[in-house]
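The values are calculated or read from the model by the stated rules, or taken from the named source; none is laboratory data. Bear in mind that the values here come from a model prediction, so they are computed numbers and not experimental data. Backbone-built Cβ (ideal geometry, glycine too); neighbour counts: all protein chains shown.
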């Protein structure tokens with residue numbers, strides 16, 4: 001299957017700092033990428049859709065000013081958690097559909113980034 | 001609105017036993033896609049299968065098999081002769097044609113296979 005990478009895999013930061021997470025599609029181009037958040041022992045919740053060349057689309061209840069998304073190229077999307085607080089501690093996972101973004105495409109997931117805010 | 005329900009939160013079996021994971025979905029779309037993903041302790045989601053709403057043919061892949069029943073809106077997953085390496089959380093997910101690639105996940109079922 002297609003490969004999606006994320007960096008960093010783990011980050012610990014102090015409350016009030018900003019953290020940037022990168023998501024890359026390694027062997028395919030992705031005009032669309034997705035960002036999910038997963039709290040311990042819970043399911044994945046879609047946060048936003050990252051669109052190359054246009055603004056991200058956020059799900060209801062997700063603060064766009066807190067979770068900044070930039071789809072810089074066809075292989076890179078970044079999620080910046082601004083002024084992080086302990087309640088933002090979570091497992092952040094990105095995904096990208098391999099095939100151009102058609103509804104028939106299968107999404108492949110990155111390995112995730114575990115964020116801990118002290 | 002779309003919804004995916006995995007009623008079993010945790011299943012514990014002894015190695016070599018079969019285990020079936022239930023998934024029930026709700027959608028108003030006539031065109032939709034169903035998925036199963038495996039999430040081992042490492043956290044990375046591994047794609048297992050995709051099935052579109054027009055293909056009710058059951059599928060077998062090694063020790064894995066899937067039973068898609070549109071009449072009951074279910075897409076169940078069976079692991080035959082389970083192994084310790086099958087221990088993971090398994091997620092069923094749904095995407096609707098009208099919503100693009102957006103996936104809605106079920107709550108997940110944690111499978112623990114004991115030696």
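A single entry from B:97, B:93 fulfils the requirement of being buried (at least 22 other Cβ atoms within 10 Å of the Cβ), touching a residue at least 12 places away in the same chain (Cβ under 8 Å) and within 14 Å of another protein chain (Cβ to nearest Cβ): B:93.
Against the numbered list (1) within 11 Å of chain A (Cβ to nearest Cβ); (2) in contact (Cβ under 8 Å) with a residue 60 or more places away in the chain; (3) surrounded by fewer than 17 Cβ atoms within 10 Å (Cβ to Cβ), residue B:42 comes up short only at (2).
Here the strands (runs of 3 or more DSSP E) wholly within the stretch A:14-118 that include at least 3 residues being more than 19 Å from residue B:94 (Cα to Cα) are A:19-25, A:67-73, A:76-81, A:90-97, A:113-117. Looking only at the stretch B:86-108, residues that are touching a strand residue (DSSP E or B) at 6+ places or on another chain (Cβ under 8 Å) and not in a loop (DSSP other than H, G, I, E, B) come to 13 in all. Going by what's in this entry, would residue B:12 be described as within 14 Å of chain A (Cβ to nearest Cβ) and surrounded by fewer than 14 Cβ atoms within 10 Å (Cβ to Cβ)? Taking the combined requirement at face value, the residue does not satisfy it. Just one residue in the set A:79, A:68 is away from chain B (no Cβ under 14 Å), within 11 Å of the chain's Cα centre (by Cα) and crowded, with 22+ Cβ neighbours inside 10 Å; that residue is A:79.
Yes/no per residue for (1) under 25 Å from residue A:6 (Cα atoms); (2) at pLDDT 95 or above:
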| residue | (1), (2) |
| --- | --- |
| B:31 | no, no |
| B:42 | yes, no |
| B:55 | no, no |
| B:61 | no, no |
| B:73 | no, yes |
| B:84 | no, yes |
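Looking only at the stretch B:49-85, count how many residues are in contact (Cβ under 8 Å) with a residue 40 or more places away in the chain and within 26 Å of residue A:38 (Cβ to Cβ). Here the count works out to 10.
Checking each residue in the stretch B:49-78 for being touching a strand residue (DSSP E or B) at 6+ places or on another chain (Cβ under 8 Å), within 14 Å of chain A (Cβ to nearest Cβ) and surrounded by fewer than 16 Cβ atoms within 10 Å (Cβ to Cβ) picks out B:52, B:55, B:61. Confirm whether residue A:42 is at pLDDT below 95, within 11 Å of chain B (Cβ to nearest Cβ) and surrounded by fewer than 18 Cβ atoms within 10 Å (Cβ to Cβ). Taking the combined requirement at face value, the residue satisfies it.
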